[in-house]
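The values are calculated or read from the model by the stated rules, or taken from the named source; none is laboratory data. Here the structure is a predicted model, which means the values were calculated and not measured. Counting neighbours? That spans all protein chains shown, and the Cβs are built from the backbone with ideal geometry, glycine included.
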Amino acid sequence: MRSPPDEPEDGVIKFSATHDEGPLPESRYAELAAALIAWRAIFAHLGAIGQEAARYGGVGFGNVSGRVGPFPGSPGARPFLITGTQTGGRDCLSLDDFCVVLRWNSRRNTVESRGAILPSSESMTHGALYDLGPHIRFVFHGHCPILWRAARALRLPTSDPTVAYGTPAMAAEVARLYRETALAEGRVLSMGGHEDGIIAFGRTPEEAGSAFTEALARAYSARFLSDGRLCRT
Ligand SMILES: [Zn+2]
């Protein structure tokens, strides 16, 4: 067991993590990892997951997760498989690039995890989404400038710009948006305090992924309607 140092992946890990380091059994996790890897590849093609020298100081960005059965589980203990820290730029991914987040507590700001790699710095935010209800089983986080800038025009639920990603305050903010906005129906939120940050979720990977791509299409349409043309971004 060890606690990770702060790491510059999509920012810095801001929770206190207890990590049990070791490989994850394929028999239990390969099928879920396959679904996540497929959507991660699509997000990478869209430029929403990656690592580029010209973006965010060259750190990796974006991550995907899916809940591990049996369902439904209790809040704070609905284990999920998530891409590990500093994997945004990797061209090839295996099960060793994932870890399982077993438990989290947004008030104490703690995360317990297991796997060959430390969890994404956004794990607490993923956990906060899973705490909203047992029907949420997949959470995808990508960075998408055109969608993020169109959030107001598209009326996307948007977190308070003063709330930093991966913090207990972000967990509370996600719950507030779920209560007070149409987030439950739209399944996409913009992270006001996290440049270009978008989160989509759903009962299935297809539901989460298509919520993201449908919002992206609406952003492209809005850009065309405001500028009279749409240029390749
Ligand atoms: Zn991010």
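For segment 164-179, a tally of residues being in contact (Cβ under 8 Å) with a residue 24 or more places away in the chain and away from the ligand (no atom under 13 Å from the Cβ) returns 6.
On the stretch given as segment 118-138, residues that are within 16 Å of the ligand (Cβ to nearest atom) and over 13 Å from Val100 (Cβ atoms) total 6. Note on segment 216-233: among residues that are on the phi < 0 side of the Ramachandran plot and of a type in the set (Gly, Ala, Ser), the one that is surrounded by the most Cβ atoms within 10 Å (Cβ to Cβ) is Ala219. Identify all residues within segment 197-217 that are over 16 Å from Pro145 (Cα atoms) and charged (D, E, K, R); write none if there are none. Within segment 197-217, Arg203, Glu206, Glu207 meet the criteria. Of all the numbered requirements in (1) within 16 Å of the ligand (Cβ to nearest atom); (2) more than 19 Å from Thr181 (Cβ to Cβ); (3) modelled with pLDDT of 90 or more, Leu147 misses one, and that requirement is (2).
Cβ separations smaller than 8 Å between residues 6+ apart or across chains give the following pairs from segment 41-62 residues that are in contact (Cβ under 8 Å) with a residue 24 or more places away in the chain and outside any loop (DSSP other than H, G, I, E, B) to residues that are among the polar types (S, T, N, Q) and within 14 Å of the ligand (Cβ to nearest atom): Phe61/Gln51. With respect to (1) over 23 Å from Val111 (Cα atoms); (2) within 14 Å of the ligand (Cβ to nearest atom), the lone exception for Tyr220 is condition (2). Selection of segment 180-196 for residues being within 11 Å of the ligand (Cβ to nearest atom), surrounded by 24 or more Cβ atoms within 10 Å (Cβ to Cβ) and at pLDDT 95 or above yields only Met191. Counting only residues that are among the hydroxyl-bearing types (Ser, Thr, Tyr) and either within 15 Å of Ile49 (Cα to Cα) or buried (at least 20 other Cβ atoms within 10 Å of the Cβ) (or both), segment 197-215 holds 1 of them. Listed by first and then second residue, the pairs linking a residue in segment 69-87 that is under 30 Å from Gly50 (Cα atoms) to a residue that is of a type in the set (Asp, Glu) and part of a strand (DSSP E or B), with Cβ atoms under 8 Å apart and 6 or more places separating them unless they lie on different chains, form an empty list. Taking the criterion of being touching a Lys or Arg at 6+ places or on another chain (Cβ under 7 Å), in a strand (DSSP E or B) and more than 16 Å from the ligand (Cβ to nearest atom), the residues of segment 63-94 that qualify are Gly66, Arg67, Ala77, Phe80.
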